[in-house]
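Participant: Have a look at this one before I ask anything.
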Amino acid sequence: MKCENVANELILYLDNRSKLADRQEIEQHLAVCAACRARAEEFRKVWMTLDDLPVVEPSFGFDARVRQRIAAEPQRKWFGWFVPQPRLAFSAALLIALCVWLAKMPANRIGTGVSSTLQQEDFSAIQNLGVLENYDVVTKMDALSQLVPDTGDQPSGTDQDTRGGRDNGGV
C-alpha cells in the first residue's frame, strides 16, 4: 500500500471503522514506513488531548432554535436555479458582446495597396531563393567589400542590362 492511500484511510483505521482487509494492509505499511507511523502517532495524541477536554452539551432549546431558523429561511422556487446570478449574467453578456465585436472587425486594417506591395516584395524575395541558399558564403566573400553600392540614380533600362549580364542589342 502506498503512503497516499494510507493517508486517506488513516482516520478510519485509528477510529476502528476500516474494513479488516484494509486494516491489515495499513498495519503492514505502518510497520515499514516511519513517516506514516509518526503521522498516526500525531493523530492519536490529538485525539487523546481532545478526549481530556470536557464535553459541552448544547442547551435544551438549541436544537429547536436551529430547526426554527432553518424553517424561517426563504425557500427557493423550483425555477430558481435557472435564474443566474447578476455577475454571471453580466459576464456572459460582456463575453458575447466582445465576440460579436471581434467578429465584425475587419481582418486587415492595413490599406490594400500597402498590403499588396508588401506581398509583392515578399514574393520577389522568394524568387531569389537559390541565391539565398548560399548566403553565408556570399556574405563572407572579400570581393563584396570592394563593390560600390548602387545609388539608384541610373535609369531602369540600364539597371536591368547590367544586372542581367547580357546585351540585348540596344533593345
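We did not get these values from a lab; they are worked out from the coordinates using the rules stated. Only a predicted model underlies this, so the values are computations on that prediction, with no experimental measurement involved. Note that each Cβ is placed from the backbone with ideal geometry, even for glycine, and that neighbours are counted across all protein chains shown.
Participant: So if I check each of VAL66, VAL55, which one is part of a helix (DSSP H, G or I) and not small (Gly, Ala, Ser)?
Facilitator: Residue meeting the stated conditions: VAL66.
Participant: Go through region 1-26 and give me each residue that's closer than 20 Å to VAL46 by Cβ and assigned to a helix (DSSP H, G or I).
Facilitator: Matches in region 1-26: CYS3, VAL6, ALA7, ASN8, GLU9, LEU10, ILE11, LEU12, TYR13, LEU14, ILE26.
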